[in-house]
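The values are calculated or read from the model by the stated rules, or taken from the named source; none is laboratory data. Worth saying up front: this structure is predicted, and the values here are computed from it rather than measured. Cβ atoms come from the backbone with ideal geometry, glycine included; neighbour counts cover every protein chain shown.
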Amino acid sequence: MSPCRLKSTMVGVRGGLPLKLADRVIKYASNPGDLVMDPFAGSGTTLVSAKSLGRMGLGYEKNEAYCEIIVDRLKKPREASESVKKSRSNVDLFEDE
């Protein structure tokens, strides 16, 4: 059996989480100042949304390439964070070891 490789067209999981959807969920499920946790942070969309909505964000991500993307996105204003996500869209989730 050959190993399965997933190449994503967007940073994060296939299909990615739209920022506007993350905003809706976070606004509905939390209040300003609350802690929003994302155990599979991917490209950091949930954390970007939480930050822009006045929440604290806590995210975990195993893949170091995605961690770099998250850090880059959180350093920039919300609008610019989307361009970081799009410009780094060729991250391979299962790199050859």
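Please tell me if Leu6 is surrounded by fewer than 18 Cβ atoms within 10 Å (Cβ to Cβ), modelled with pLDDT of 95 or more and more than 11 Å from the chain's Cα centre (by Cα). Considered against the rule, which asks whether it is surrounded by fewer than 18 Cβ atoms within 10 Å (Cβ to Cβ), modelled with pLDDT of 95 or more and more than 11 Å from the chain's Cα centre (by Cα), Leu6 comes out as no. Candidates in region 27-50 are the residues that are outside any loop (DSSP other than H, G, I, E, B) and among the small types (Gly, Ala, Ser); of these, the one that is surrounded by the fewest Cβ atoms within 10 Å (Cβ to Cβ) is Ala29.
Contact map, region 25-37: first residue within 12 Å of Leu47 (Cα to Cα), second residue in a loop (DSSP other than H, G, I, E, B) and among the basic types (Lys, Arg), Cβ cut-off under 9 Å, separation 6 or more or different chains; pairs are Ile26/Arg55; Leu35/Arg55; Val36/Arg55. Checking each residue in region 51-84 for being surrounded by 14 or more Cβ atoms within 10 Å (Cβ to Cβ), farther than 25 Å from Ser30 by Cα and at pLDDT below 85 picks out only Val84. Picking from residues in region 51-80 that are assigned to a loop (DSSP other than H, G, I, E, B) and in contact (Cβ under 8 Å) with a residue 24 or more places away in the chain, the one that is nearest to Gly16 (Cα to Cα) is Asn63.
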